[in-house]
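Worksheet: the structure to be examined is printed underneath.
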Amino acid sequence: MKTTITEVNKYVGQEVTIGAWVSNKRSSGKIAFLQLRDGTGFIQGVVVKNDVDEEVFQKAKSLTQETSIFVTGTIQEDSRSSFGFELLVKEIQVINESHDFPITPKEHGTEFLMDHRHLWLRSRRQHAVMKIRNEIIRATYEFFNENGFTKVDPPILTGSAPEGTTELFHTKYFEEDAYLSQSGQLYMEAAAFALGKVFSFGPTFRAEKSKTRRHLIEFWMIEPEMAFYEHEDSLQVQEQYVSHIVQSVLKNCKLELERLGRDTSKLEQIKAPFPRISYDDAVKFLHEKGFDDIEWGDDFGAPHETAIAESFDKPVFITNYPTSLKPFYMQPHPERPEVVLCADLIAPEGYGEIIGGSERIHDYELMKKRIEEHGLPVEAYQWYLELRQYGSVPHSGFGLGLERTVAWISGVEHVRETIPFPRLLNRLYP
Ligand code: 4AD
Ligand code: MG
């Protein structure tokens, strides 16, 4: 019976054949232990000299790292491994020998691993992170589909900039100028007026010269947008959504979290509602903590966000930032025009901002004024303004950065390990 490692629990005591790679091997005179992986999981193969043909035992002993094989044997329960099963090997057929695989069990430097990302992805740790990323994606679709949202795909080649003009990737669009999308938000606003509650999920691009553990040049964003939702309504969607993905990973990725050594007690507490702190109070709090470098009107840096996050055991919303710090489209606070109806969601444990969101300006005149004040070309935003001319309504939305969320939930330090092929400052290879 041909099967995969994740399915072996169905074949205890039976003979199966698995296509696999040898990730490591240990052998003595009488027994060989093969660490096998097939992409779906990891299992130990045991080859006992006295139980197999001499030729099979010699073959097992000579297997090199990453050689691909078909291996046949009997599935046994194994209470010592967290996976719970092992394979008692009977037969080995080599598919392709691998020699001098560059990534050995010894420690390698980050740049070396990044240069070999196409091979590094095979490691147990990277496998776990990719599985958690996939679970977050699955739980995202589940959450929005179950809550009446329609997925809408905004364009990637665009003629306008939602998040400021300094970080745009420019390209030629035949004779015209075009930009790679930084955010699908403006198009999602149009979609919300057509379909009510919508979400997008796609790649976004920022030509940011930032070299931090939180910044990618190309990253994936989930952007929900809801017609007739005020700011507070949107915060409730955000905390429920984030709780749902954390609880789904806890439930469906136990082995992966264990492999990464993640402290899951910290994740178990992540349930809605989440605390809120206004920007004003956050500034006061930072002063009390001795951050004299911050004045009202300044943006927070990573150390400030971390200090705020550390006083909560759940993600925290920082609400109502100064208007001057935020993009042109945010709805002013009704009593205080110097701040906007927005929130950033800051993850615990120093992972920083994972969501940015706001209520959107729905008044035509105010929106036009803001576009002009920000020095944006009104012609390019004509269609966006028209949304405010034909039955405009209050609406709100947000964007969750997938890689920062994967980093936080997996407990990995740097976003470069949370996307298969990271695009970083000075890195377009592999
Ligand atoms: O806060 P941002 O810039 O918000 C927007 O783009 C809005 N238009 C979203 C919306 O309301 N529809 O980005 C949203 C999130 C951030 O909170 C962060 O998680 C992630 O996207 N993000 C990045 N992730 C990795 N690398 C980068 N360079 C990122 N820039 C933003
Ligand atoms: Mg932001």
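K284 to D363: extension gain in nm, 0.36 nm per residue of separation minus the Cα-Cα distance?
Numbers: separation 79, 0.36 × 79 = 28.44 nm, distance 3.27 nm.
Contour length minus Cα-Cα distance gives 25.2 nm.
Nearest 0.05, what FRET efficiency do N24 and D78 give at R0 = 25 Å with Cβ-Cβ as r?
0.90
Taking N as the number of residues in the range 118-417, what is its Cα Rg relative to 2.2 N^0.38 Å?
The value comes to 1.00.
Any idea what the dipole of the range 78-182 comes to, in debye rounded to 20, about its Cα centre with Lys/Arg Cβ at +1 and Asp/Glu Cβ at -1? Don't jump to the answer; show the numbers that get you there.
On the way: 12 positive and 17 negative charges, 108 e Å.
Rounded to the nearest 20 debye, it is 520 debye.
Relative contact order for the chain: what is it in percent, counting Cα pairs under 8 Å that are at least 6 residues apart?
On the way: 820 pairs, mean separation 57.5, N = 430.
With pairs under 8 Å counted, the relative contact order is 13 percent.
Projecting each Cα onto the charge dipole of the chain (Lys/Arg +1, Asp/Glu -1 at the beta carbon, about the Cα centre), which of V48, I92, L257 comes out farthest on the positive side?
Checked the options; the winner is V48.
Just report the Cα centroid separation between the range 1-49 and the range 122-143, whole Å.
What the calculation gives is 23 Å, centre to centre.
So how far apart, in nm, are the two label points at D313 and E208 if each is 7 Å from Cα heading toward Cβ?
Inter-label distance under the simple model: 3.0 nm.
Please arrange I318, I346, I277 by how many other C-beta atoms lie within 10 Å of their C-beta, fewest to most.
The most exposed by this proxy come first: I277, I318, I346.
On full extension of the chain, what length is gained from E372 through A272, given 0.36 nm per residue of separation minus the C-alpha to C-alpha distance? Don't skip to the answer; put the middle values down first.
Numbers: separation 100, 0.36 × 100 = 36.00 nm, distance 3.88 nm.
Full extension of this stretch gives 32.1 nm more.
Quick one: what Rg and Dmax do you get for the range 5-96 from the alpha carbons, in Å?
For the range 5-96, the Cα radius of gyration and maximum Cα-Cα distance read 11.8, 32 Å.
Of all chymotrypsin sites (Phe, Trp or Tyr not before Pro) in the range 209-288, which ones are in loop regions per DSSP and have a Cβ with at most 12 other Cβ atoms within 10 Å?
F228
Of the trypsin sites (Lys or Arg not before Pro) in the range 126-211, which ones lie in a loop per DSSP and count no more than 11 other C-beta atoms within 10 Å?
K209, K211
State the antiparallel share, in %, of DSSP beta bridges confined to the range 5-96, rounding to the nearest 5.
Given both bridge residues lie in the range 5-96, the antiparallel proportion sits at roughly 90 percent.
Put a dot 7 Å past each Cα toward the Cβ at T110 and D233; how far apart are the dots in nm?
That separation, rounded to one decimal, is 4.3 nm.
By how many degrees, between 0 and 90 and to the nearest 10, does the Cα long axis of helix 279-288 differ from the longest principal axis of the chain?
It works out to around 70 degrees.
Starting from the Cα-Cα distance between I137 and K251, subtract it from 0.36 nm times their residue separation and give me the gain in nm to one decimal.
Answer, rounded to one decimal: 39.6 nm.
No value in this document is a laboratory result; all are computed from the given coordinates. On a predicted model such as this, the values are computed, not experimentally measured, just so you know. Ideal geometry is used to build each Cβ from the backbone, glycine not excepted, and the neighbour counts take in all protein chains shown.
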